[in-house]
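I have placed the structure first, in the form of structure tokens, so that the comments after it can refer back to it.
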Amino acid sequence: MKNIILTITIALLPVFSMGQVDSLQHEILNYDDKKQEIISNGRRLLLDSFLEDDFEKVEEVKNYLVGEVENEDYAVFYPAEYWFILYWTGEYQELLKSINQFDSVTVISFQYKIKPDNDLLYNKLLVKTSQMKDFLISQLQKSMVAEVDKDFLIMNLSYLLAGKNDPDITQDMLNDMADEFLGNHPNSEYEDYTRKNIRFRQVASKWGFGFEFFSGYGIFTDKLSEEYKNNIPIGVAFDICYKDFTLFLRDYIGFSKNNNDWDYGTGVWEEGSQVRIFLPEASLGYTLFENNHLKITPFAGVATTNIGPTEFDKDEEPDLEKVELDFTGTYTMGLNLDIKLGRSKIPMVSYNKPEDSYWFLRLRYSYNNMGFDKKYDGFNGNMHYLTIGIGGLGRAIKRDY
């Protein structure tokens with residue numbers, strides 16, 4: 001008997017299983033999300049009432065959806081939709097409260113809610129609000145809300161309408177409105193929202209960085225000119241800018257020859273031998289004039305100068321160090337004239353981020369007080385040089401709050 005019951009049970013198992021599947025399938029096919037249906041129907045009713053200019057009904061439906069249907073899981077309106085509705089119903093205090101509560105926490109919370117189905121509510125609100133903007137502003141101005149609230153809501157309405165739907169409202173216009181509002185109402189409760197959402201100005205960073213490769217001509221004076229020919233330099237420079245100040249870090253390497261035989265005791269450094277001038281420099285400049293084409297920057301700073309045989313010659317004859325004028329303190333001053341060549345298409349100070357950068361041709365005059373006579377008797381003289389360089393300078397672009 002037990003074997004018979006077991007056999008029947010096993011045989012009926014597929015039947016029971018199929019019955020459960022059919023029941024679940026029926027439940028799925030007939031599932032009706034009441035919450036979503038209420039939201040969808042409510043939005044359609046509100047839209048129809050809006051198009052019929054029945055704003056009492058619009059307010060009634062809005063209140064029901066927000067008060068009875070919306071919860072932590074379901075959203076009934078997108079923020080812009082809700083604000084447009086409040087402009088039309090004239091509920092300015094609720095509108096101000098909602099805007100003031102719009103922050104990063106609100107945005108994150110909204111992202112995790114189930115959104116309304118796609119419909120035409122937002123588009124219809126946007127189009128009609130744009131068409132009737134002047135009417136809404138006049139209604140607002142007639143209201144009893146405070147002046148600061150009126151000014152803010154008028155500005156915010158333009159912000160909501162900006163874009164393709166109203167191309168006359170540009171970001172520059174919004175920036176001007178925001179600047180005027182912030183100037184007329186300093187430290188208002190709407191300042192943070194205005195700066196973070198409506199006002200969008202971009203400015204170059206106070207800090208900038210540049211580089212330059214240069215060559216030119218260096219002229220010695222007095223005793224130095226008697227001992228060495230004028231030199232042709234090559235060099236590299238780096239600019240570190242802060243506002244209108246620039247720190248120039250330069251490495252000047254001059255190529256020259258000596259004019260006379262030098263007897264250094266164990267040999268003679270013959271006339272016409274190769275000479276190297278090393279002039280590392282750190283100078284500070286201040287930009288007096290700058291526009292889209294030119295930049296003029298006088299500078300002054302300190303350096304150190306070395307004049308002597310090449311390293312190769314000193315390796316061949318170590319005693320040549322005796323004819324070397326070792327690194328000595330130098331003072332430098334002069335003027336940079338940068339001719340701007342155009343915007344850079346490659347990043348100079350950042351990777352894949354906006355920046356204000358350009359290429360330049362730099363003419364630089366510098367007077368260098370060598371100071372060798374303080375260390376080597378009779379070696380008075382200085383150096384003037386004029387260099388021409390090619391380089392670039394960039395500042396990161398950031399938002400100005």
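The values are calculated or read from the model by the stated rules, or taken from the named source; none is laboratory data. Only a predicted model underlies this, so the values are computations on that prediction, with no experimental measurement involved. Backbone-built Cβ (ideal geometry, glycine too); neighbour counts: all protein chains shown. Protein only, heavy atoms only, side chains kept; ligands, DNA and RNA dropped before computing areas. Shrake-Rupley method; radii C 1.70, N 1.55, O 1.52, S 1.80 Å.
Quick rundown of the values:
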| read-out | value |
| --- | --- |
| Verdict on TYR252 being assigned to a strand (DSSP E or B), open to solvent by 50 Å² or more (accessible area, probe 1.4 Å) and hydroxyl-bearing (Ser, Thr, Tyr) | no |
| Close pairs (6 angstrom Cβ cut-off, 6 or more residues apart or separate chains): free of Cβ contacts under 8 Å to residues at least 24 places away in the same chain in the stretch 170-183, crowded, with 17+ Cβ neighbours inside 10 Å and of a type outside the set (Val, Ile, Thr) anywhere | MET177/MET155; ALA178/ARG199 |
| Flag for ASN165 being open to solvent by less than 90 Å² (accessible area, probe 1.4 Å) and touching a residue at least 40 places away in the same chain (Cβ under 8 Å) | no |
| The stretch 110-138, residues that are in a helix (DSSP H, G or I), touching a residue at least 12 places away in the same chain (Cβ under 8 Å) and of a type outside the set (Phe, Trp, Tyr) | LEU121, LYS124, LEU125, LEU126, VAL127, LYS128, THR129, SER130, LYS133, LEU136, ILE137 |
| Matching entry among PHE327, PHE245, PHE255 (being without any contact (Cβ under 8 Å) to a residue 60 or more places away in the chain, within 22 Å of SER357 (Cβ to Cβ) and of a type in the set (A, V, I, L, M, F, W, C)) | PHE245 |
| Residue pairs meeting the criteria (Cβ under 8 Å; at least 6 apart or on separate chains; first farther than 21 Å from LYS206 by Cβ, in the stretch 337-365; second among the basic types (Lys, Arg) and open to solvent by less than 60 Å² (accessible area, probe 1.4 Å)) | LEU337/LYS295; LEU337/ARG362; LEU337/ARG364; ILE339/ARG362; TRP359/LYS340 |
| Matching residues, the stretch 131-153, being open to solvent by 30 Å² or more (accessible area, probe 1.4 Å), within 30 Å of ILE39 (Cα to Cα) and within 34 Å of the chain's Cα centre (by Cα) | LYS133 |
| Residue count, the stretch 177-208 (criterion: surrounded by 20 or more Cβ atoms within 10 Å (Cβ to Cβ) and not charged (D, E, K, R)) | 7 |
| In the stretch 285-316, the residues that are closer than 26 Å to PHE372 by Cβ, surrounded by fewer than 19 Cβ atoms within 10 Å (Cβ to Cβ) and hydroxyl-bearing (Ser, Thr, Tyr) | THR304, THR310 |
